[in-house]
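Novice: Attaching a single structure in structure tokens format; questions to follow.
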């Protein structure tokens, strides 16, 4: 009887799964039990109460109001925002550099293609952490002191404390103009979409599209600025004591991480772009050329749209890698989520499990959200076969 | 309508030769002329001073950074510390044991990678089973009359290679199992494997290493103490096996269904059909992907610096803090980068050549 059940593959599958579940449960229970005993023995408290306790340590860069008396919950938000900041900066610049290098690798100019190839092969084969260290310790920390800053037109400054840029300061009228610009941008996007639909339906574009767009984007803010009697002045950084005051300050930690992430990820993006462009069959280019399109238009209207279908999925993967790699910030002390929360906060509270679980949950949420969007996009652009 | 005969065009002046090549590839359009000139100027401004710094003015031997000049590279630092960069704090009188490990690694790689060497099957068994065991015994000692060497004293290139090799050896079989599990028809197994894979692929390696170094000791009874190197290895294997699983799954998906059906009709069980028919084809198909995962693993070993292990990068980093060798950070990083680069570039070339060979068939 038992032997017959054993020989029935359906029963065997059930048995195997029951076994697996019980094994996992047993193992999980064993871990939980050990952890609870260990925590008790070491006198570490559990739960998320620590999030409302006062943190008591400073953070060198924060996008929101933060001081030492605020809670560990605030350190979590500050760290998360810093992670998002460096990721966003990295993604934008890595995309630009990566696309440039990817196209350059396929250039008809031999020298340009070789330079791009050397760039890709050098930077993607060196560990990112090493590149971060190189920028931080070998490049940015040998810059001159604030008093001997390198400066451009006396408004941009570069020294060992980082980069200092002038910051635009608007009054109330100026803010209205900024909002007018946002409105104009939204309207322009709407116009472009409308144009696309019109072209699809009738084959004719909207008249004066470029002129209307430019007029909206430049005219509307300028007119509102003038009407609202706004004013704008630049807060230029200036030497005060041993450092600079005013303006936008980019810390060397941020710069090093940003450069390294950009250069490293761009090398991978270049490869993604190159293989995407190469995946478009030669016949497409030849057909477009035979129809009389110029090389630039062949690229923009025929090759790139088809290549994007191949490029976007691995490109999103690179973006996710960049976000995850930004956690290397902790090695040079840039206050990102891992450094501030899984580092300092963990050391102060000792609540390893809660802190690491929260940190992992953040990255996991980002990853899963992006891959969900990716799947939606893939369904959207998938070739509809008749 | 054209009435007159059009004059025959004169033949192009140059179609072959060096000049024609230069004209066709560097100066074929106005933009390309400009680009070529700009790049040529950039290279001209960059490369001679670099060679001057790195070779001509460089100082190769010395006792401290005082022996070096400002105009040239201070390779004396790398030279003086080379043993430490390779062996870490391994007792100098025992470094021959590390050399045995290096030689074994080189033999296995050559055996498996060079097509002309026969007996790949034995090479595989040696590389996957015999070599790891003998290497571990020789490195850690305590057996066969070898003095035990604590993993605290391990460091440098040796730790990088140990982490990469054992990480690879463990993550490959686990990855294969996970890939099979994710394609299994049993819902519990499938869910379990999918969750495991997506969980580790969704988080940065650093958090996994933090977890392995901070949380792992909490998970086991206090009597069991893992040393740091083992903990880092566990973290890396958990992480890398998830990536490996996805690579192998790609191969499994590419195998036509007919193969599995043929096995079924021959009456082969699940494991028999997988091990003898499906997996050999699938794994062979994704060897380039496996090599790429391995390159990522190799670069990622440098992250163990953050949990306080001394791999190649962190031992160079530690050396830079020595007051005797102040101001040599560029040289140190270039050396470490060169070592990592040689390994990674070699592997990526190998993976590309495999891919090309496959496409030729």
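Derivation of every value follows stated rules applied to the coordinates shown; laboratory data play no part. This structure is a prediction, so every number in the text was calculated from the model and none was measured. Cβ coordinates were reconstructed from backbone atoms using ideal geometry, including for glycine residues, and neighbour counts include every protein chain displayed.
Novice: Within 10 Å of each Cβ of A:103-111, how many other protein chain Cβ atoms are there on average?
Specialist: Per-residue shielding by partner chains comes out at 5.
Novice: Moving on to the next point. If the chain between residue B:53 and residue B:183 were fully stretched, how many nm would it gain, using 0.36 nm times the residue separation less the Cα-Cα distance?
Specialist: Length gained, residue B:53 through residue B:183: 41.2 nm.
Novice: Testing the spin-label approximation: label points 7 Å from Cα along Cα→Cβ at residue A:169 and residue B:79. State their distance in nm.
Specialist: 5.7 nm
Novice: To the nearest Å, what is the center-to-center distance of the stretch A:41-75 and the stretch A:320-386, using C-alpha atoms only?
Specialist: So the separation of the two Cα centres works out to 20 Å.
Novice: With a 10 Å Cβ neighbour count serving as the proxy for reagent exposure, in which order, fewest first, do B:286, B:208, A:122 appear?
Specialist: With the fewest neighbours first, B:286, B:208, A:122 line up as A:122, B:286, B:208.
Novice: Continuing with the same structure: At q = 0.21, 0.29 Å⁻¹, what base-10 log of I(q)/I(0) does the Debye formula yield for the stretch B:151-213 when every alpha carbon is treated as an equal point scatterer in vacuo?
Specialist: Computed log10 I(q)/I(0) values: -0.96, -1.16.
Novice: Show me the ranking of peptides B:139-150, B:165-176 by mean Cβ neighbours inside 10 Å, starting with the highest.
Specialist: Put in order of decreasing packing, that is B:165-176, B:139-150.
Novice: Counting only other chains, and only Cβ atoms inside 10 Å, what mean value do you get across the residues of B:184-192?
Specialist: Averaged over the peptide's residues, the number is 4.
Novice: Go ahead and run the numbers for FRET between residue A:152 and residue A:64, Cβ-Cβ distance against an R0 of 30 Å, rounding to 0.05.
Specialist: Here the calculated transfer efficiency is 0.50.
Novice: Under the Kirkwood approximation for Rh and a Cα-based Rg, what ratio Rg/Rh is obtained for the protein assembly as shown?
Specialist: 0.99
Novice: Can you give the Rg to Rh ratio for the stretch B:239-317, taking only C-alpha atoms and Rh from Kirkwood?
Specialist: 1.23
Novice: Sorted from fewest to most neighbouring beta carbons within 10 Å, what does the list A:66, A:334 look like?
Specialist: A:66, A:334
Novice: With equal scatterers on the alpha carbons only and no solvent term, can you work out the Debye log10 of I(q)/I(0) for chain B at 0.08, 0.10, 0.13, 0.14 1/Å?
Specialist: For the requested q values the scattering log ratios are -0.59, -0.84, -1.18, -1.27.
Novice: Counting each pair of different Cα atoms once, what's the Kirkwood radius of chain A in Å, rounded to one decimal?
Specialist: After inverting the pairwise mean of 1/r, the radius is 26.1 Å.
Novice: Let me ask you something else. Between residue A:375 and residue B:150, take the C-beta separation as r, use R0 = 51 Å, and let me know the FRET efficiency to the nearest 0.05.
Specialist: 0.55
Novice: Assuming a ≥ b ≥ c are the square roots of the Cα gyration tensor eigenvalues, decide whether the stretch A:70-117 counts as rounded (a/c under 1.5), prolate (otherwise, with a/b larger than b/c) or oblate.
Specialist: prolate
Novice: Along its three principal axes, how long is the stretch B:35-133 when you only count alpha carbons? Whole Å, largest extent first please.
Specialist: Taking max minus min along each principal axis of the Cα atoms, the stretch B:35-133 gives 53, 45, 16 Å.
Novice: To the nearest 500 deg cm²/dmol, what mean residue ellipticity at 222 nm is calculated for chain B from DSSP H runs of n ≥ 4 alone, each contributing -39,500 (n - 2.57), summed and divided by the residues?
Specialist: -20500 deg cm²/dmol
Novice: Further, regarding this structure: Take the alpha carbon gyration tensor of the stretch A:238-337, find the square roots of its eigenvalues, order them as a ≥ b ≥ c, and report rounded if a/c is under 1.5; if not, report prolate when a/b exceeds b/c, else oblate.
Specialist: prolate
Novice: Can I ask one more? Exposure proxy check: A:87, A:69, A:151, A:107 ranked by fewest other beta carbons within 10 Å?
Specialist: Lowest count first: A:69, A:151, A:107, A:87.
Novice: Provide the descending list of Cα extents for the stretch B:73-124 along its principal axes, expressed in whole angstroms.
Specialist: Largest first, the stretch B:73-124 extends 44, 29, 10 Å along its Cα principal axes.
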